[in-house]
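The values are calculated or read from the model by the stated rules, or taken from the named source; none is laboratory data. Bear in mind the structure is a predicted one, so any value in this text is a computation, not a measurement. Cβ: placed from backbone, ideal geometry, glycine included. Neighbour counts: every protein chain shown.
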Amino acid sequence: MAFVKKRIILYYAPNVVDEPIVYKLVTEYKMVPNIIRANISPEKEGSLVIELSGEHGDFEKSLDYLRCLGIRITPFGERVLWDEKICTQCGACTGVCPSGALTMLRPQMKIAFDAEKCVVCDMCLPACPVKAVRLDV
């Protein structure tokens, strides 16, 4: 069978937030989840950016399970773009980047951006005083 690895966004209704969804994805559907970003609170709508890996058939069954719970699923299309031309190399973004996607090269004191490491946590967006980083949605 074919192996699938995809990033998706799950949008929860308030009545589903208390369900052990990730646990069931692992135990019942053999998925390997990597939670990229979560915004889930009791009795409120929530969202979860998650990378799911597994066999194609299991992946499709897991999506069916999520849909049966009323969870809206959309493909993950966001990514962070860094504009080197307007960047002032201040390093503010590197101090808040949890994944190490934005780093300060030393001794050159230049910013480097590794898009493969970026988890789109958005922490760099407000940190950049010149808006050299932005979301591409």
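Quick notes on this structure:
- Applying the set (1) of a type in the set (D, E, K, R); (2) within 24 Å of LYS117 (Cβ to Cβ); (3) at pLDDT 95 or above to ARG37 leaves exactly one unmet item: (3).
- Every test in (1) under 21 Å from the mean Cα position of the chain (by Cα); (2) loosely packed, with under 13 Cβ neighbours inside 10 Å; (3) among the β-branched types (Val, Ile, Thr) is passed by VAL80 save one, and that test is (2).
- The single condition among (1) loosely packed, with under 13 Cβ neighbours inside 10 Å; (2) under 28 Å from ILE8 (Cβ atoms) that ALA127 does not meet is (1).
- Odd one out for THR74, checked against (1) over 19 Å from the mean Cα position of the chain (by Cα); (2) exposed (fewer than 13 other Cβ atoms within 10 Å of the Cβ); (3) in a strand (DSSP E or B): (1)
- ASP64 vs. criteria acidic (Asp, Glu), touching a residue at least 24 places away in the same chain (Cβ under 8 Å) and out of contact with any Phe, Trp or Tyr (no Cβ under 6 Å at 6 or more places or on another chain): no
- Comparison of ILE8, ILE35 shows that the only residue that is in contact (Cβ under 8 Å) with a residue 12 or more places away in the chain, buried (at least 16 other Cβ atoms within 10 Å of the Cβ), among the aliphatic types (A, V, I, L, M) and not assigned by TED's automatic domain parsing to the domain that holds ASP122 is ILE8.
- Meets criteria (of a type in the set (S, T, N, Q), modelled with pLDDT of 95 or more and surrounded by 14 or more Cβ atoms within 10 Å (Cβ to Cβ)) for THR88: no
- Some residue of the range 112-119 being among the β-branched types (Val, Ile, Thr), closer than 17 Å to LYS5 by Cβ and not assigned by TED's automatic domain parsing to the domain that holds PRO20: yes
- The range 87-113, residues that are assigned to a strand (DSSP E or B) and within 18 Å of ILE36 (Cβ to Cβ): LEU102, PHE113
- Applying the condition of being at pLDDT 85 or above and surrounded by 14 or more Cβ atoms within 10 Å (Cβ to Cβ) to the range 40-57 and asking which residue is farthest from ASP122 (Cα to Cα) yields GLU55.
- Residues (within 15 Å of ARG134 (Cβ to Cβ) and surrounded by 12 or more Cβ atoms within 10 Å (Cβ to Cβ)) located in the range 97-116: CYS97, ALA101, LEU102, ILE111, PHE113
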